[in-house]
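Accompanying notes for the structure given below.
A short reminder: the numbers here are calculations on the coordinates, not readings from a lab. Keep in mind it's a predicted model, so treat the numbers as computed, not measured. Every residue, glycine as well, gets a Cβ built from its backbone with ideal geometry; the counts of neighbours run over all protein chains shown.
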Amino acid sequence: MAITRNKGKRLNQYVPDYIVFDLETTGISVQHDTIIEISALKVKNGTVTEEFNTLVNPHRHIPAGATAVNGITDAMVADAPELMDVMTDFLQFIGKEVLVGHNIHTFDTNFIYDAAWSLLGTELRNDYIDTLYMARKCLPQLAHHTLGDVSEYFHISTAGAHRALNDCRMNQQIYEQMGKLLSNHLSQKQGEPVCPQCGSELIRRKGRYGEFYGCSGFPGCRYTRNV
């Protein structure tokens, strides 16, 4: 049975305190695949203060295609903890902090939400920032906005990519860099309206009943106001 997800809002802004996280899985299907690695970094005032990192025993064969991407094998997870135990520790680690990650809007937050709900009966309600969307906004000149592409733009090493903890470290650095670009962008547009709910820009749009301001953080934030 499909889960109706009641996730937190997707924000489009820089915050100095956050949790950057990443998953490795047996495949890309939220319905049929499962988590085999979870990593996270706790960041306070832009500085990493704690790490969370563990493999997960999926109790199933890891397909060769997944191993080819992340390098994780059946032997590596044979003695790893159960997903239920890992999720309990992970949810305690993240608390109510804002989550940050790359392509998490349609992938990682869905895997985590479903695991938290099915195993623990808990909803993942943390607001989150997807740096894929942020990169498209801050770096429109790039042809592609993968984590590797954005890291290379900022001259950040991509060594060890596709293992969760290494991806977290890359992602934390590019988020800090894009936070500076976003701050400069917003300062250049002073006087333009800002969403009072999430801090993202308000964009002038045309609707059925005329023009209105809509939040650029849509669909995570659905704030609107009349022009």
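Side notes on the structure shown:
- Rounded to the nearest 20 debye, the dipole size of the chain about its Cα centre is 1380 debye, using +1 on the Cβ of Lys and Arg and -1 on the Cβ of Asp and Glu.
- Mean Cα-pair separation over length for the chain, i.e. relative contact order, pairs under 8 Å, 6 or more apart, %: 24 percent
- Amide hydrogen neighbours beyond the local backbone of Thr25, cut-off 5 Å, H modeled: Ile36
- Highest-MSF residue in the chain out of Asn45, Asn103, Asn12 [GNM, Cα springs under 10 Å]: Asn45
- Going from the fewest other Cβ atoms within 10 Å to the most, the residues Tyr209, Tyr18, Tyr153, Tyr133 appear in the order Tyr209, Tyr153, Tyr133, Tyr18.
- Arg208/Glu82 FRET efficiency (R0 45 Å; Cβ-Cβ; nearest 0.05): 0.35
- Tilt relative to the chain, helix 83-94 - C-alpha long axis, 0 to 90 degrees, to 10: 40 degrees
- Kirkwood radius and radius of gyration were both taken over the C-alpha atoms of the range 31-143, and their ratio Rg/Rh is 0.99.
- Compared with the dominant principal axis of the Cα atoms in the chain, helix 109-120 is inclined by about 50°.
- The magnitude of the dipole of the range 76-202, with charges of +1 and -1 set on the Cβ of Lys/Arg and Asp/Glu and taken from the Cα centre, is near 500 debye.
- Cα-based equivalent ellipsoid, the chain: semi-axes from gyration tensor eigenvalues, Å: 32, 20, 16
- Unpartnered cysteines - no second Cys beta carbon under 4.7 Å - across the chain: Cys138, Cys168
- Taking each of Lys96/Lys206; Lys180/Lys206; Lys137/Lys206 in turn, the alpha-carbon distance tops 28 angstrom for Lys96/Lys206; Lys180/Lys206.
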